[in-house]
Amino acid sequence: MNVRIPQRLARTEAEDDRVQAFQVDPLDLRGRIVRLGPALDEVLAHHDYPAPVARLLAQATTLAVLLGSTLKQMGRFILQTQSDGPVDMMVVDITAPDRVRGYARFNEKKVTAALRGGPDAGALLGRGHLAMTIEPGGDQNRYQGVVALEGEGLQAAAHRYFVQSEQIPSRLRLAVGEEMHAGGQKPSWRAGGLLVQFLPREAARGARADLDPGDAPAGFARHELAEDDAWVEAQSLVATVQDHELLDPSLSSEQLLWRLFNERGVRVFRSQQVTAHCTCSRERVSALLQSFTPADRAGMIEDGRVVVTCEFCGRRYKFEPKEIGV
C-alpha cells in the first residue's frame, strides 16, 4: 500500500532557536539543521568571554544541540572538552526536550598568545579529549563516547567521533558569526549547524572501511571500500553549504534544505524549540553542600556566609552557616 506524502512549498519565515529534522529518501539521508540566535546570546551573556572563546563555545553549543535534540523526554546530553589548550574546558548541557546551558574555562593571556598567528580553533583547544555523554533517564544505561582532540577544531573532532564511535557515515557543518546592529547596539551572536547521516535500508551499502591500525607493517594492504553513490552525492551537496547560508536570519531552514535537495525532494518534520535555561536552584546547591563533611563546609565560610556561584549562569547562592548545618 502506497502512502501519499503531502507536498508544499518551503516555509519562508525564518525562525531562530529551532532544530529542524529532515529526511531525503532517494539518498537514504536523515539529518537535522539548527539555527541559534537569542538563546545562544543568553548562553554566552553570563560570562565576559573574549570573542574567540565565545565563538568556540557557540560552536560547541551548536554541535551539542544537533546531537542532543534526538533525546526523548527527561534525557540529558552532555558535551565536554578537557585539554591543555588556552580553553582547557568546555561543558554544554542539554536537558530534553529543549533546554541548553554552556560554560567555557579559559586563560585570557594564553588565548591572546595562541591567536597571534590568526584565528585558529585548534590552537585554542589544544590536545585532550572530547566526551559526549547520553543519560536517557529512567532505568536505561548511561552511554559515553570519547574522541581525542589533536590540535584541530570541533568539527574535525566530531567527524572522527562519528567514524570511531557511531560507525555511521556522517557529515557536519558548523558556522558562527556576529550580527552587527545599527545605532551602536551591541552585536549579537548567531550560529547554524547541519548534520546529515547515511542510513540505507541495506546495511551493506553503509559499510565502512576498517580503521587504519596505525602500526601496520610495511606492505600491509589497507582495507578500502568504495563509497555508495548516494552518499557521494550527499557529501558533495553538503560541501556546497556556505557559512552565510547557515547564519542568514532571513533564510529559513526549509529554504536552505530546498536549495540543497530540491532535485531529490526533502521531507521535513515538526521543528523543535531551543531555550537557554540553567537547571541550578537553591535546593540543588544546598543538597550539594550537604554532600561535604561538616569540617569541609565550615572551611567554606567567608565573611560569615557560604557563597556558591553557578559556573553556567553566574547566579550566586548565599547560605548562613546554620542553613547548611555548621
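The values are calculated or read from the model by the stated rules, or taken from the named source; none is laboratory data. As the structure is a computational prediction, the values presented were derived from the model and not from experiment. Note that we place each Cβ from the backbone using ideal geometry, even for glycine, and neighbour counts take in every protein chain shown.
Structure summary
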{"quantity": "Boolean, Asp28 is more than 27 Å from Ser250 (Cβ to Cβ), touching a residue at least 12 places away in the same chain (Cβ under 8 Å) and surrounded by fewer than 21 Cβ atoms within 10 Å (Cβ to Cβ)", "calculated": "yes"}
{"quantity": "Near pairs, Cβ below 9 angstrom, 6+ apart or cross-chain, from region 127-148 (in the same structural domain as Val87 (by TED's automatic domain parsing) and acidic (Asp, Glu)) to any residue that is outside any strand (DSSP E or B) and surrounded by 14 or more Cβ atoms within 10 Å (Cβ to Cβ)", "calculated": "Glu135/Leu71; Glu135/Gly75"}
{"quantity": "Scope region 274-304; condition among the hydroxyl-bearing types (Ser, Thr, Tyr) and touching a residue at least 60 places away in the same chain (Cβ under 8 Å); matching residues", "calculated": "Thr275, Thr279"}
{"quantity": "Residue in region 231-281 that is surrounded by the most Cβ atoms within 10 Å (Cβ to Cβ), counting only those that are β-branched (Val, Ile, Thr) and closer than 22 Å to Ser69 by Cβ", "calculated": "Val274"}
{"quantity": "Complete set of residues in region 45-89 that are part of a strand (DSSP E or B) and under 11 Å from the mean Cα position of the chain (by Cα)", "calculated": "Phe77, Ile78, Leu79, Gln80"}
{"quantity": "Check on Arg127, among the charged types (D, E, K, R) and modelled with pLDDT of 90 or more", "calculated": "yes"}
{"quantity": "In region 108-126, the residues that are assigned to a loop (DSSP other than H, G, I, E, B) and without any contact (Cβ under 8 Å) to a residue 60 or more places away in the chain", "calculated": "Arg116, Gly117, Gly118, Asp120, Gly126"}
{"quantity": "Those residues of region 293-314 which are surrounded by 15 or more Cβ atoms within 10 Å (Cβ to Cβ) and either in a loop (DSSP other than H, G, I, E, B) or of a type in the set (Asp, Glu) (or both), in sequence order", "calculated": "Met300, Ile301, Cys310, Glu311, Phe312, Cys313"}
{"quantity": "Members of region 74-92 found to be surrounded by fewer than 18 Cβ atoms within 10 Å (Cβ to Cβ) and either in contact (Cβ under 8 Å) with a residue 60 or more places away in the chain or in the same structural domain as Cys313 (by TED's automatic domain parsing) (or both), listed by number", "calculated": "Met74"}
{"quantity": "Selection from region 239-278 of residues that are touching a strand residue (DSSP E or B) at 6+ places or on another chain (Cβ under 7 Å), in a helix (DSSP H, G or I) and of a type outside the set (A, V, I, L, M, F, W, C)", "calculated": "Asp243, Ser253, Glu254"}
{"quantity": "Condition check for Phe261: over 20 Å from Gly37 (Cβ atoms) and either of a type in the set (D, E, K, R) or outside the structural domain of Ala58 (by TED's automatic domain parsing) (or both)", "calculated": "no"}
{"quantity": "Sole residue being part of a strand (DSSP E or B), in contact with a helix residue (DSSP H, G or I) (Cβ under 9 Å, 6 or more places away or on another chain), of a type in the set (A, V, I, L, M, F, W, C) and farther than 20 Å from Arg171 by Cβ, chosen from Ala14, Ala104", "calculated": "Ala104"}
